[in-house]
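Inspection log for the structure reproduced underneath, given as structure tokens.
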Amino acid sequence: MASQLEQAQRLAKEAPQQAIELYSSILFADSASSYTVAEREVALLSLAALFERMQDAAALTKLINGSQGYLTAVSKAKSSKLIRTLVDRFNGIEGGLQPQIATCQGMVEWARGENREYLRQALETRLISLYLDNSMYTEALALISLLLSELKKLDDKMQLVEVHLLESRVYMAIKNLPKSRAALTSARTAANSIYTPPPLQAHLDLQSGTLHADEGDFKTAYSYFFETMEGLSVYVTPKSVDENAAPTPAAGDLSSAGSPATYEQRQLQAFAYMLLCKIMIQQPDDITALLATGKTASKFRDHRTVAALQAVAKAQKQRSLADFERVLSEYRDELQNDELIRNHLTALYDTLLEQNLVRLIEPYSRVEIAHIAKLIGLPIRVVENKLSQMILDKVFYGILDQGNGCLVIFPEPKHDSTYDTTLDTIKSLSNVVESLYAKAATL
């Protein structure tokens with residue numbers, strides 16, 4: 001029988017359909033057959049890996065649903081590990097998020113029917129991260145609320161940390177920073193009472209850094225990103241990963257053990273955020289020194305994301321809007337796919353545009369908008385909208401004479417303190433009169 005399994009493994013690359021038939025005959029053989037539990041497990045995992053390589057989400061869904069009979073026959077610990085591994089196989093399939101959510105929901109119901117509470121809670125935690133990836137925030141928050149009430153009764157600290165961390169990420173995604181920070185505080189409180197594995201601690205640090213960056217505290221954010229990068233260093237090894245080994249979990253999956261490639265990707269993310277912090281606090285020169293020191297930093301020196309942020313830093317140092325736009329165009333995928341980088345670079349672009357416009361209009365009291373647009377190299381409409389916004393924000397004082405296509409700049413008005421002083425005097429007199437009236441009333 002072992003020879004049939006070996007034959008299927010040989011055919012996996014050359015004739016995948018024949019390999020699928022052989023693996024299926026081993027996995028779904030009746031109980032009277034001579035196949036061992038270990039051989040059926042190898043067949044199950046090999047089939048899942050094969051469907052992932054073939055990008056066949058429907059076949060993988062059918063396999064997981066069809067293997068419930070086998071999963072019932074093995075131990076609970078073994079079946080829990082197998083189910084999480086099988087669900088994670090969708091990560092390597094393009095467009096596999098929706099089937100993964102549907103499959104995970106089905107396995108949650110199966111676990112509930114089998115009274116496997118620990119497995120159900122682990123799958124629901126995984127489902128929350130899938131909802132987050134699919135922007136299903138209402139469903140994620142509803143499931144988080146139910147799961148937290150259960151976990152608090154069980155006092156499962158590790159699971160509590162993971163769910164609170166996911167809750168923080170969901171609230172941050174919907175821009176509710178106070179609730180996101182409160183959820184992160186709850187996660188850290190629970191983590192302080194137990195041993196927190198370094199990968200989970202790295203997630204906590206990464207989330208803390210992201211929150212501080214969103215609040216504009218880039219120095220504190222930098223320190224958290226540095227802790228994230230260093231905390232994962234021991235997990236990044238050059239070992240290759242076997243095809244049938246545990247798949248790479250998604251970025252939002254905190255419960256699964258990641259591969260070295262996963263941890264290296266998270267390290268790169270943290271390092272990119274460190275560079276972003278240096279750019280946002282107007283210290284682009286520090287990036288060169290940062291890349292020259294440390295094994296981790298030097299490892300990512302030639303990565304396109306790092307190269308993109310270096311180019312942004314150079315454009316910022318030269319205050320060149322044209323260079324900035326060129327970098328955004330050249331490295332569009334690297335700079336636009338990450339939400340944190342995209343949002344802060346958009347704010348940086350607005351700041352740079354504002355600084356350039358202020359420098360250009362400084363010598364004038366009246367100037368044509370078309371002339372400013374020509375000097376800065378942007379469409380007239382874009383320049384006009386930005387000037388209008390700057391006037392409303394009181395960056396400078398002036399009006400847009402749209403009839404003549406001109407910008408009229410006024411000198412900054414001097415603040416007259418007479419009105420403020422008069423109001424303070426009237427307020428003081430009012431207090432004196434009220435005090436006298438109170439004393440007269442007691443006589």
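The values are calculated or read from the model by the stated rules, or taken from the named source; none is laboratory data. Everything quoted here is computed from the prediction, not taken from an experiment. With ideal geometry, Cβ positions are generated from the backbone for all residues, glycine too; neighbour counts draw on all protein chains shown. Each accessible area value is taken on the protein alone, full model and side chains, heavy atoms only, with ligands, DNA and RNA left out. Shrake-Rupley method; radii C 1.70, N 1.55, O 1.52, S 1.80 Å.
Would you point out which residue out of K175, K179, K219 is more than 21 Å from I101 (Cβ to Cβ), open to solvent by 10 Å² or more (accessible area, probe 1.4 Å) and not in a helix (DSSP H, G or I)?
Of the residues listed, the single one that is more than 21 Å from I101 (Cβ to Cβ), open to solvent by 10 Å² or more (accessible area, probe 1.4 Å) and not in a helix (DSSP H, G or I) is K175.
Restricting the search to segment 324-342, which residues are closer than 16 Å to G377 by Cα and surrounded by fewer than 18 Cβ atoms within 10 Å (Cβ to Cβ)?
Within segment 324-342, E325, R326, S329 meet the criteria.
Checking the conditions here, which among L345, L321 is over 16 Å from M280 (Cβ atoms), open to solvent by less than 40 Å² (accessible area, probe 1.4 Å) and in contact (Cβ under 8 Å) with a residue 12 or more places away in the chain?
None of the others qualify; the one that does is L321.
Assess whether A122 counts as being modelled with pLDDT under 95, over 17 Å from the mean Cα position of the chain (by Cα) and crowded, with 22+ Cβ neighbours inside 10 Å.
When the stated conditions are applied, A122 does not pass them.
Given the criteria within 24 Å of L204 (Cβ to Cβ) and in a helix (DSSP H, G or I), does M158 qualify?
So M158 passes the test.
Evaluate the following for I361: is it among the aliphatic types (A, V, I, L, M), open to solvent by less than 90 Å² (accessible area, probe 1.4 Å) and either touching a residue at least 60 places away in the same chain (Cβ under 8 Å) or in contact with a strand residue (DSSP E or B) (Cβ under 7 Å, 6 or more places away or on another chain) (or both)?
When the stated conditions are applied, I361 passes them.
Sort out which residues of segment 154-181 are of a type in the set (A, V, I, L, M, F, W, C) and more than 18 Å from the chain's Cα centre (by Cα), and write them in order of number.
L154, M158, L160
For segment 54-129, list the helices (runs of 4 or more DSSP H) that sit wholly inside it and hold at least 1 residues that are in contact (Cβ under 8 Å) with a residue 60 or more places away in the chain and of a type in the set (K, R); which are they?
76-88
Exactly one of (1) under 27 Å from A315 (Cβ atoms); (2) in contact with a Ser or Thr (Cβ under 9 Å, 6 or more places away or on another chain); (3) hydrophobic (A, V, I, L, M, F, W, C) is unmet by I409. Its number?
Among (1) under 27 Å from A315 (Cβ atoms); (2) in contact with a Ser or Thr (Cβ under 9 Å, 6 or more places away or on another chain); (3) hydrophobic (A, V, I, L, M, F, W, C), the lone unmet condition for I409 is (1).
Quick one: what pairs do we get from segment 258-281, first residue of a type in the set (S, T, Y), second part of a helix (DSSP H, G or I), C-beta under 6 Å, 6+ apart or different chains?
Going by the 6 Å Cβ cut-off, the qualifying pairs are Y263/Y235; Y273/F225.
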